[in-house]
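Okay, structure first, notes after.
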């Protein structure tokens, strides 16, 4: 995920400032303030064991249910489970999986025998706190997920909260035969004590009926938990999410909800609907099975500190990882810049609050005015330089035309800067970032904040669609590439390692038509995207399946035989493949009692005429069959009856 939080520095108006801005350390996140509504909080922990089923043994031999920090890599095919030989680093088919207990601000913790929690090991996902291995009928890993470094606002007086987290986790059942990712949870608490925890989920469609199926699912935002009776305090809260007696309307074909057991209930409808697509829907609502007791939600804890007073100005930038080509707008907001803390010593604001410079620039390692750095240590992009001052002073410094923005009496500002890497490169070597420091020559070290900027190509999402086709029919394969900046360029398609062709993306898609002469079977496809100025290269594998072409047989008695005269029949074996058939057909003449009179094996390249012998009076039948060949399926037998009088 892209980093969307960080501190941004103030821009400077060169004509009035007489210098350029320079780089500094990253500004801290929003500080703790006294518990007076609303309160900005950071370093918020979301701790949740989800439910006992997510840490129990599974019924497939050698498998269990577990969670991982970060996003598990795909095995590329269904029916795979994590390898225990390398602690979940790979799948059973050798593809990279990457199970881990810690990824960024997300940690999978395990309960120890002394009651403490610490990051788990892979083995810890399969054993309880006593070290005993869990089974499908007993024990639990006692693992829990922790999303850390959350931020937002809480209002203990009103009982409301709005908090979000950056990070990913993976929930796996049957050691990964089915799994889904959970990303960037967000919590909203209303005044009546109700709350919703939402997250972005994605994964792969599979099922017990078709374990080989492995189709990527598009990400969607769902409600993973609803809460009631939430009491927002200055240090957080613990609540058990709603489950018991929550009604779930199962889709057609899915197991219906059981509403008679003591623990009947469900997780939220849209979350369970998504889980149904992954083949794991019944883990999240009561179905009447023996595992129903493990499905209710476990208590969820949100912990923060809303009691410490604000002591430092803070800056936040909407995006700190930007694309390397083209101009992009970022929003810079600041809080805690008390106007009285920085008095200008230079005209035109000498003796008055000097405000704060906000600038995009390339700065020396030592850049802070408080450290004695000269103005030449701060090289700014002049078109992306602002000066935040009190409203009554904006005209004094030249207004909008000279970069004036408002600094409120409460010490806040907000502005939009246009960032283009080409502009920054023109400044020369230095630490690229958005910086703030006091304006008008004022001395206020707390105003000196820096937010580094990174320029990097975005990772693409490559998808490959190869509909099933039949022998003799054209196969159309479509590759789609999506990304942060509407990827352009070429896609190369290979079949079994041999290049099929190159096609340019049009509206994000490239289409390839494979030849009609592909024999029946499976073909490994790879779509390779070359990348562009803002997008990394990427690829996606898939399988093209070519089925055998259908065939049919037709038999017609063209001359009925008698006791004194031979007859004839015409046999045709046909296919819509447009290709020559191989092998031979089989024609058997039988009496009414089933006994064989005579048989023939005519060729199938063209219609065949067979001579029927003179026959005694009675009822007869001609049975024609075709067993098929490497590219043609067997035909359904045809029977023609006739009577000799």
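Structure values in brief
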read-out: Failed condition for residue 340, given (1) touching a strand residue (DSSP E or B) at 6+ places or on another chain (Cβ under 9 Å); (2) surrounded by fewer than 24 Cβ atoms within 10 Å (Cβ to Cβ); (3) assigned to a loop (DSSP other than H, G, I, E, B); (4) at pLDDT below 95; value: (3)
read-out: Strands (runs of 3 or more DSSP E) completely within segment 159-208 that count 1 or more residues being surrounded by fewer than 20 Cβ atoms within 10 Å (Cβ to Cβ) and touching a strand residue (DSSP E or B) at 6+ places or on another chain (Cβ under 6 Å); value: 160-164, 178-189, 195-205
read-out: Selection status of residue 141, assigned by TED's automatic domain parsing to the domain that holds residue 84 and either at pLDDT below 95 or in contact with a helix residue (DSSP H, G or I) (Cβ under 9 Å, 6 or more places away or on another chain) (or both); value: yes
read-out: Single condition residue 253 does not satisfy, out of (1) in a strand (DSSP E or B); (2) out of contact with any strand residue (DSSP E or B) (no Cβ under 6 Å at 6 or more places or on another chain); value: (1)
read-out: In segment 261-287, residue surrounded by the most Cβ atoms within 10 Å (Cβ to Cβ) [restricted to those that are out of contact with any strand residue (DSSP E or B) (no Cβ under 9 Å at 6 or more places or on another chain) and at pLDDT 95 or above]; value: 281
read-out: Segment 288-303, residues that are buried (at least 17 other Cβ atoms within 10 Å of the Cβ) and over 28 Å from the mean Cα position of the chain (by Cα); value: 291, 292
read-out: Test result for residue 354, at pLDDT 95 or above, more than 39 Å from the chain's Cα centre (by Cα) and farther than 30 Å from residue 189 by Cβ; value: yes
read-out: Qualifying residue in segment 389-404 (condition: more than 44 Å from the chain's Cα centre (by Cα), at positive phi, surrounded by fewer than 23 Cβ atoms within 10 Å (Cβ to Cβ) and touching a residue at least 60 places away in the same chain (Cβ under 8 Å)); value: yes
read-out: Only listed residue being closer than 30 Å to residue 226 by Cβ, surrounded by fewer than 21 Cβ atoms within 10 Å (Cβ to Cβ), touching a residue at least 12 places away in the same chain (Cβ under 8 Å) and touching a helix residue (DSSP H, G or I) at 6+ places or on another chain (Cβ under 8 Å), chosen from 324, 251; value: 251
read-out: Residue 302 vs. criteria over 30 Å from residue 458 (Cα atoms) and in a strand (DSSP E or B); value: yes
read-out: Residue in segment 79-96 that is under 19 Å from the mean Cα position of the chain (by Cα) and free of Cβ contacts under 8 Å to residues at least 40 places away in the same chain present; value: yes
read-out: Lone unmet requirement of (1) crowded, with 18+ Cβ neighbours inside 10 Å; (2) not assigned by TED's automatic domain parsing to the domain that holds residue 610 for residue 502; value: (1)
read-out: Among the residues listed as 557, 572, 587, the single one being in a strand (DSSP E or B) and under 55 Å from the mean Cα position of the chain (by Cα); value: 572
read-out: Test: residue 230 is in contact with a strand residue (DSSP E or B) (Cβ under 9 Å, 6 or more places away or on another chain) and either modelled with pLDDT under 95 or in a strand (DSSP E or B) (or both); value: no
read-out: Residue selected from segment 622-645 under the condition over 29 Å from residue 522 (Cα atoms) and surrounded by 20 or more Cβ atoms within 10 Å (Cβ to Cβ), by the criterion farthest from the chain's Cα centre (by Cα); value: 622
read-out: Residue 169 being closer than 21 Å to residue 273 by Cβ, under 23 Å from the mean Cα position of the chain (by Cα) and either modelled with pLDDT of 95 or more or not assigned by TED's automatic domain parsing to the domain that holds residue 119 (or both); value: yes
read-out: When residues of segment 603-621 are limited to those that are crowded, with 18+ Cβ neighbours inside 10 Å and under 60 Å from the mean Cα position of the chain (by Cα), the one nearest to residue 547 (Cα to Cα); value: 604
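The values are calculated or read from the model by the stated rules, or taken from the named source; none is laboratory data. All values reported here derive from a predicted model rather than from experimental measurement. Backbone-built Cβ (ideal geometry, glycine too); neighbour counts: all protein chains shown.
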